[in-house]
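In what follows, a structure is listed as structure tokens, so that the remarks can point back to it.
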Amino acid sequence: MTVPLTVSPTLALPEEPGESLWRGAWKRLRRSPMAIIGASIVLLFVLVALLAPVLAPYEPASSEWTELSTPTFVQGPTSEHLLGIDRWGSDMLTQLLYGARQSLIIGVVSTLIGLIAGAVLGTLAGGLGGWVDTLIMRFVDIMLSIPSLLLAISIAAALGKSSYALMIAIGVAQVPIFARLLRGSMLSQSKSDYVLAANALGLHKRTIVMNHILPNSLGPTIVQATLNLATAIIEVAALSFLGLGQSDPAVAEWGRMIVSGQDRFLVAPWLSFYPGICIAITALGFTLFGEALREALDPKQRR
Amino acid sequence: MMLRFALRRLASLVPTLFGLSILLFAWLRLLPGDPARSLLGQRATPESIERVNESYGFNDPLLQQYLKYIWALLQGDLGTSISLKEPVLTAFWDKLPATIELTVVALIFAVVIGIPLGYYAGRHQGGWTDTAVVSTSLLGVVVPVFFLAIILKYIFAIQLGLFETANRQSSRIDAEHPTNFYVLDGIITGNLGASWDALLHLVLPGIALGTIPFAIIVRITRASVSEVVHEDFVRTAESKGLAASTINRRHVLRNALLPVVTTIGLQLGLLLSGAVLTETVFSLGGIGQYLFDAITVRDYPVLQGFILFIALMYALINLVVDLSYGLIDPRVRVS
């Protein structure tokens with residue numbers, strides 16, 4: 001096979017010569033205020049999570065100031081504790097900063113689990129077709145027939161109380177979404193001209209799927225993954241709120257901080273408000289960025 | 001035509017539900033966690049655990065357990081709750097009304113506020129009202145339901161005292177409950193005060209739960225409307241000299257609603273999972289809260305039965321949505 005060398009580059013050219021889909025998307029992203037705000041929030045969140053030990057004014061999960069959090073009085077903001085004291089007597093700011101870590105780790109790992117497992121299933125289904133496709137999609141249909149949060153709740157409950165249980169539960173609950181999405185976009189790609197051309201050139205089916213169809217189908221999946229990070233972070237909080245996940249109350253986790261503030265709710269509602277606001281802002285960042293990415297990658301937006 | 005379509009869709013449900021029952025059964029059994037132990041607590045002796053396992057048939061071969069389960073299932077028996085010692089189906093019928101009431105209020109909120117807002121934003125795209133509507137809908141996506149429930153509870157129930165903080169009805173109200181739909185019960189028994197009280201208990205949880213579908217309905221309606229107004233048939237209607245209100249109602253809205261209806265159907269799954277969280281915050285005692293309790297003690301029959309039931313409801317609702325398509329869009333009826 002020496003012939004394709006001169007033919008395939010011309011065939012593989014995108015509609016606009018010299019500009020790939022991703023480079024065009026990058027250009028549009030830099031111009032979108034939504035993308036910039038979203039990316040800034042995400043970046044800030046990641047930095048806070050990584051640098052929590054440096055940024056935090058005190059040790060996490062200390063119970064140094066337990067006497068400042070009682071059923072009748074909770075210490076509010078002071079110059080030593082900028083956001084006051086948390087439910088268990090640690091510095092609120094410190095706990096919030098460390099909480100970002102938990103959210104980031106569990107959110108990213110669970111989305112990766114969903115993405116990778118879903119991508120493998122989707123690629124197998126879309127690439128092989130036939131009975132493999134039928135079998136996988138039936139399985140995906142079954143999983144989709146259970147609302148994803150309920151699925152995550154039952155998995156987490158079965159696995160026991162730990163952060164790993166949360167990662168697996170939220171990750172597995174995302175698998176069917178990614179599988180179906182990737183299969184769908186692979187199927188639509190497989191009807192396009194460049195696949196026809198690759199077929200005509202006699203390329204091996206696996207090469208066509210892995211080197212041509214798959215890379216071109218990834219766009220919607222990556223957008224979905226970004227948006228799912230937001231959902232995952234909210235779901236982590238939701239599961240912790242229900243008492244699943246990490247059982248040690250000292251480990252800072254935003255969802256559980258909301259719950260633990262509940263018994264001091266009338267005295268110090270901010271115990272629940274601060275972590276809730278953190279969750280909302282983080283989810284906002286990923287959502288804005290994901291939406292902007294979706295718009296930037298949309299072929300209709302080109303020109 | 002319609003009937004055959006409905007029947008075919010119903011038939012296609014059978015293998016899905018069958019597969020689901022196998023997966024659920026196998027999977028829940030194979031995972032770690034011992035229902036007998038969580039039922040009896042920390043001080044359980046090996047003998048008492050053995051007795052519980054024996055009486056619930058946990059010692060039988062898995063296949064036998066499954067066949068027994070499925071046979072009972074076909075007769076409408078979802079098993080008996082291990083922790084509450086009552087039939088799952090009974091508890092289900094008992095608690096379902098609370099959840100249905102909550103979901104209906106949430107959905108009414110989402111539709112009644114969401115569609116007009118989305119429609120308005122779609123017709124005035126780019127304006128500041130549009131931006132405001134889109135931002136609000138974004139808030140609905142990023143603020144966790146249970147957190148919103150807590151905020152609403154704090155502002156409107158605790159600070160302003162406008163609504164109730166918990167339960168389905170005030171304890172001072174003496175009401176009969178023939179159907180367990182508290183709002184409906186009040187109307188049936190002629191006790192409108194009880195109905196009103198129950199409704200007041202539903203406002204905050206309904207709004208909290210309703211923000212998820214609200215956000216999505218707003219965005220879909222907006223996108224759909226802004227697409228439809230550029231269609232040829234709208235221009236034709238305009239050039240025919242039809243009144244703006246007629247065009248909006250008969251041409252724009254009707255066509256724009258099609259994707260919205262699908263979305264509403266798809267939201268019901270989200271609503272059911274959101275109900276678990278909302279019911280917990282407001283102690284509403286519906287299936288959401290019951291399911292959560294079942295999870296904490298690993299009550300297998302309850303878990304299996306509920307998830308299966310929810311999947312069935314979910315599928316049936318989607319069927320109804322597909323069928324309602326035909327009513328809105330005559331083109332779908334043919335294909």
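Bear in mind that the values in this text are calculations on the coordinates, not laboratory data. What you see is a predicted model; the values in this text were computed from it and never measured. Using ideal geometry, Cβ is built from the backbone for each residue, glycine included, and neighbour counts are taken over all protein chains shown.
Rounded to the nearest 20 debye, the dipole magnitude of the stretch B:95-334 is 620 debye, with +1 charges on Lys and Arg beta carbons, -1 on Asp and Glu beta carbons, and the Cα centre as origin. Using the alpha-carbon centroid of each, what span in Å lies between the stretch A:218-233 and the stretch B:207-249? Centre-to-centre (Cα) distance: 28 Å. Going Cα to Cα from A:K161, which aspartates and glutamates come in below 20 Å? Please leave out same-chain ones fewer than 8 positions away. Excluding near neighbours in sequence, the set is A:E235, A:D248, A:E253, B:D34, B:D293, B:D299.
Structure remark: mean-square fluctuation, Gaussian network model of chain A, C-alpha springs under 10 Å; the largest value among A:A179, A:A232, A:A61 belongs to A:A61.
May I ask you to derive the FRET efficiency for B:A6 and A:S62 from their Cβ-Cβ distance with R0 = 60 Å, giving the value to the nearest 0.05?
The pair B:A6/A:S62 has a calculated efficiency of 0.45.
Shown for A:K161, A:K27, B:K85: other C-beta atoms within 10 Å of each C-beta, ranked fewest to most, produce the order B:K85, A:K27, A:K161. With respect to chain A, whose longest principal axis is taken over its alpha-carbon atoms, helix A:21-31 is tilted by about 40°. Extending 7 Å from Cα along the Cβ direction at B:R249 and again at A:K161 yields two label points whose distance is 5.9 nm. Counting every pair of alpha carbons in chain B, the share spaced more than 26 Å apart comes to 60 percent.
Taking the beta-carbon count within 10 Å as an exposure proxy, list B:H201, B:H230 from fewest neighbours to most.
Working: B:H201 27, B:H230 8.
Ascending number of Cβ neighbours within 10 Å: B:H230, B:H201.
With the simple spin-label model, which puts each label point 7 Å out from Cα in the Cβ direction, the A:F73 to B:F309 separation comes to 5.0 nm. GNM on chain B, alpha-carbon springs under 10 angstrom: the most fluctuating residue among B:W196, B:W93, B:W71 is B:W71. Just so you know, the Rg over Rh for the protein assembly as shown is 0.98, from Cα atoms, with Rh as the Kirkwood radius. Here the Karplus curve 6.51 cos²θ - 1.76 cosθ + 1.60, taken at θ = phi - 60°, turns the phi angles of the stretch A:101-116 into couplings of 4, 4, 4, 4, 4, 5, x, 5, 4, 5, 5, 5, 4, x, 5, 5 Hz, with x standing for Gly and Pro.
In square nanometres and to one decimal, what's the mean projected area of the convex hull around the Cα atoms of chain A?
Details: hull surface 75.9 nm².
So the mean shadow area of the Cα hull is 19.0 nm².
Classify the stretch B:186-335 as rounded, prolate or oblate from the Cα gyration tensor: take a ≥ b ≥ c as the square roots of its eigenvalues, call it rounded if a/c is under 1.5, otherwise prolate when a/b beats b/c and oblate if not. Note, shape of the stretch B:186-335 comes out prolate. All alpha carbon pair distances within the stretch B:83-221 were sorted into 5 Å bins beginning at 0; the resulting P(r) in whole percents reads 2, 10, 15, 17, 16, 15, 11, 7, 4, 2, 1, 0. With R₀ set to 51 Å, the beta-carbon distance separating B:L258 from B:I155 gives a calculated FRET efficiency near 0.90. Ordered by the number of other Cβ atoms lying within 10 Å of each residue's own Cβ, fewest first, A:S103, B:S12 fall into the sequence B:S12, A:S103.
Of the residues B:T45, B:T103, B:T90, the one that moves most in a GNM of chain B with alpha-carbon contacts below 10 Å is B:T45. Between B:L63 and A:L44, the FRET efficiency estimated from the beta carbon spacing at R0 = 60 angstrom works out to 0.65.
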